[in-house]
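Notes follow once the structure below has been shown.
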Amino acid sequence: MTALIPQITTVTGQNPGLIKSKMEKFNPQSPLALANTPDEFLELAAKQEAYQQFNNSPTRKITNVVGTSIPFIDSFMAGAITKGSASSKLAGTVGRGSDWGVFAVAVWLYNKSLGKAYETFPGMRKFKENHPTITFVGELVTGVALARGAINLYRKGFKKGLKTTPEQFFTNLFKKAPKVSETVAAIYKPVEKIASKIPERIKKYAGAVITLSLAGLILKNIYDVRQTKKRTDKNLVELKNQRYQIALNLANKSAQA
């Protein structure tokens with residue numbers, strides 16, 4: 001999920017830094033210049049203000065923290081509910097963490113290729129700007145599918161190359177480091193006490209809790225994308241109205257002169 005954060009926060013085809021650099025090219029200092037401000041500048045200004053509202057939102061910061069925490073919580077809990085020695089529990093954590101690592105790298109590469117595509121093809125960027133929600137959902141579905149495929153390839157390659165699963169490989173590895181196992185046993189002890197009180201039928205749904213949490217984050221991000229688009233459109237209308245009023249005032253002053 002950590003790698004999805006940059007994709008989620010990209011609510012248009014341009015990033016805030018690019019918007020700021022483009023806006024610096026336009027610096028109207030007089031009412032006459034303001035009255036003749038091109039639509040491109042107004043669109044960039046509208047986006048920048050919407051971005052600031054988006055990034056400064058308290059709920060946005062919470063969403064980022066939760067999204068970043070899920071891989072670590074999921075990996076740690078995978079180890080905590082793994083039966084066996086401390087080495088097996090540590091291997092369960094590392095094994096799940098390696099899946100998340102592959103997922104993150106795959107999504108990062110996907111994001112990089114998307115960014116390049118939007119730079120190369122203005123039509124794609126324009127569609128993304130005009131239809132951010134549809135584009136976001138498409139990007140997300142494709143990104144997750146590619147990442148899941150990367151995890152499957154990683155596990156198949158691991159099994160084919162080393163003739164074992166990641167969890168078993170790490171279990172054997174940590175058995176050779178007893179001090180590490182002892183340290184891990186101490187860390188997991190409080191969690192094990194809690195886990196031991198949870199019925200087995202409920203433990204089976206631990207993965208579903210993570211899935212529901214991710215689904216909630218996705219829905220929240222879809223909502224954020226829609227709201228940012230609405231703010232951008234609203235800001236643009238207000239800026240155009242301001243430009244019109246400035247031009248009208250200048251015309252009246254000119255007529256009175």
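Pairing each residue of region 143-163 that is in contact (Cβ under 8 Å) with a residue 60 or more places away in the chain and assigned to a helix (DSSP H, G or I) with any residue that is surrounded by 12 or more Cβ atoms within 10 Å (Cβ to Cβ) and hydroxyl-bearing (Ser, Thr, Tyr), provided the two are 6+ apart or on different chains, yields C-beta distances under 7 Å for GLY143/TYR110. Taking the listed residues PHE127, PHE136, the one that is assigned to a helix (DSSP H, G or I), more than 18 Å from the chain's Cα centre (by Cα) and under 23 Å from TYR223 (Cβ atoms) is PHE127, with no other qualifying. Per the listing LYS83, LYS61, the residue uniquely among the charged types (D, E, K, R), surrounded by fewer than 17 Cβ atoms within 10 Å (Cβ to Cβ) and not in a helix (DSSP H, G or I) is LYS83.
Restricting region 86-130 to residues that are surrounded by fewer than 17 Cβ atoms within 10 Å (Cβ to Cβ) and among the basic types (Lys, Arg) leaves a set whose member that is modelled with the lowest pLDDT is LYS126.
With respect to being at pLDDT below 70 and either buried (at least 16 other Cβ atoms within 10 Å of the Cβ) or more than 30 Å from GLN227 (Cβ to Cβ) (or both), VAL144 falls outside the description.
The values are calculated or read from the model by the stated rules, or taken from the named source; none is laboratory data. Since the structure is predicted, the reported quantities are computational estimates derived from the model, not experimental observations. Glycine also receives a Cβ, built like all others from the backbone with ideal geometry; neighbour counts cover every protein chain displayed.
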